[in-house]
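To keep things clear, I will list the structure first and then write my remarks on it.
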Amino acid sequence: MKILAIDDQKLVLLPLEKRLSQTGYEVKTTTSSIEGQQLIDSFQPDLVIVDINMPILSGLDIVKYIRI
């Protein structure tokens, strides 16, 4: 299973990525919502974990992008 985590705070992403990888998931993370949109298209994750409060594009904008 492929998981993408998008959060503007790297300190949130580091332990999340470590634990999910140890559990056997293929994980990609980014602190940029714009890069997150690009990874959704290229990485084709099964699950996206996204922070609601981010600069430029909010987490809700990312969810809307996925639903289109």
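What to note about this one:
- Selection status of L11, among the hydrophobic types (A, V, I, L, M, F, W, C), open to solvent by less than 90 Å² (accessible area, probe 1.4 Å) and more than 18 Å from I68 (Cα to Cα): no
- Residue within the stretch 16-24 that is assigned to a loop (DSSP other than H, G, I, E, B), at pLDDT 95 or above, more than 11 Å from the chain's Cα centre (by Cα) and of a type in the set (S, T, N, Q) present: yes
- The stretch 14-32 residues that are within 13 Å of V50 (Cβ to Cβ) and of a type in the set (G, A, S), paired with ones that are in a helix (DSSP H, G or I) and open to solvent by 60 Å² or more (accessible area, probe 1.4 Å) (beta carbon under 8 Å, 6 or more apart): none
- Test set (1) outside any helix (DSSP H, G or I); (2) among the hydroxyl-bearing types (S, T, Y); (3) open to solvent by 40 Å² or more (accessible area, probe 1.4 Å) - T29 fails condition number: (3)
- Complete set of residues in the stretch 42-65 that are open to solvent by 60 Å² or more (accessible area, probe 1.4 Å), in contact (Cβ under 8 Å) with a residue 40 or more places away in the chain and either among the basic types (K, R) or closer than 11 Å to V27 by Cα (or both): D46, L47, I49
The values are calculated or read from the model by the stated rules, or taken from the named source; none is laboratory data. Quantities reported herein were computed from a predicted structural model and do not represent experimental measurements. In this analysis, Cβ positions are derived from the backbone assuming ideal geometry, glycine residues included, and neighbour counts consider all displayed protein chains. Accessible surface areas use protein heavy atoms only, side chains included; no ligands, DNA or RNA. Shrake-Rupley method; radii C 1.70, N 1.55, O 1.52, S 1.80 Å.
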